[in-house]
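See structure below.
The values are calculated or read from the model by the stated rules, or taken from the named source; none is laboratory data. All values derive from a computational prediction rather than experimental measurement. Note that each Cβ is placed from the backbone with ideal geometry, even for glycine, and that neighbours are counted across all protein chains shown.
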Amino acid sequence: MQGLADVLRRLLHIVLPVECAGCGVALSNDPVPFFCRSCWADISPIDGPVCRRCGRPFASPVALTFSPDHSCGSCRKNHPAYTSAWSLYPYTPPLRDALCLFKYRGKVALAEALGRLWRTSALPQQLDLLMPVPIHPSRLREREFNQSLLLADQLNRRLQIPLSFDNLVRLRFTVPQTELTRSARLKNLRRAFAVRRPDEVREKRILLIDDVFTTGTTVNECAQTLRKAGAADVYVYTLARTLE
Ligand SMILES: [Zn+2]
Ligand SMILES: [Zn+2]
């Protein structure tokens, strides 16, 4: 079946040239849809030591030498509501360009290629529920899809656990977090999320999915809402992370 899909895709590329989502070069018979070989090879995971709590990369590997569970200054100061957070790749080109095309330019066909970037090896063994970070209904109307749900769906092709996409909801339309200071971000998101059916999250170990971890305020607010509704653990998993 995969062979046939490849042939069809190549035929489609002849009729309708497709460009690489990373660098814009015209694609011919590259193995991953929407990526040239070179851009695909450039997407490499974050390596080196990270904070066990929020996934922030440490400047020096020494940070974990004497205390493997060492958390970063920011996590010690403001304990996150989630149990732990991981990000797979730095939010840098070509992945950043591809994610922007996917999210802001409506190139939903990229979901499958981006989904190939998920890894399941580092995830907790016991997970009950997968949840994407929700977007506000008016943004959903404008964008027509929730990028986090499409990515969660791709990941779930491997995890195969219940995927819940309409229980955690976004109540308020908020200005982009990146434009705000920390205290303004917290205020901006306060009571922005709600759980419609708390019974479904009670005592559950939840994996919360988003495309990019930027300041962590959004996922933390979601985690707090889920914990208040009775969730046992909330783990945060994002494809990319902005690096300082
Ligand atoms: Zn490329
Ligand atoms: Zn941390």
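Structure summary
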| quantity | calculated |
| --- | --- |
| Counted residues, region 83-110 - those being within 16 Å of ligand 1 (Cβ to nearest atom) and touching a strand residue (DSSP E or B) at 6+ places or on another chain (Cβ under 9 Å) | 6 |
| Residue count for region 76-93, restricted to those that are within 11 Å of ligand 2 (Cβ to nearest atom) and surrounded by 17 or more Cβ atoms within 10 Å (Cβ to Cβ) | 4 |
| The lone exception for residue 171 - which of (1) touching a strand residue (DSSP E or B) at 6+ places or on another chain (Cβ under 7 Å); (2) surrounded by fewer than 19 Cβ atoms within 10 Å (Cβ to Cβ); (3) modelled with pLDDT of 95 or more it fails | (3) |
| Which numbered condition residue 72 fails, given (1) within 24 Å of residue 158 (Cβ to Cβ); (2) out of contact with any Leu (no Cβ under 9 Å at 6 or more places or on another chain) | (1) |
| Some residue of region 45-66 being buried (at least 19 other Cβ atoms within 10 Å of the Cβ) and outside any loop (DSSP other than H, G, I, E, B) | yes |
| Hits in region 102-152 (condition: among the hydroxyl-bearing types (Ser, Thr, Tyr) and assigned to a loop (DSSP other than H, G, I, E, B)) | 120, 121 |
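Conditions tested, residue by residue: (1) in contact (Cβ under 8 Å) with a residue 40 or more places away in the chain; (2) within 12 Å of the chain's Cα centre (by Cα); (3) more than 16 Å from ligand 1 (Cβ to nearest atom).
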site: 81; (1), (2), (3): yes, no, yes
site: 112; (1), (2), (3): yes, no, yes
site: 117; (1), (2), (3): yes, yes, no
site: 125; (1), (2), (3): no, no, yes
site: 151; (1), (2), (3): yes, yes, yes
site: 155; (1), (2), (3): yes, yes, yes
site: 162; (1), (2), (3): no, no, yes
site: 186; (1), (2), (3): no, no, yes
site: 191; (1), (2), (3): no, no, yes
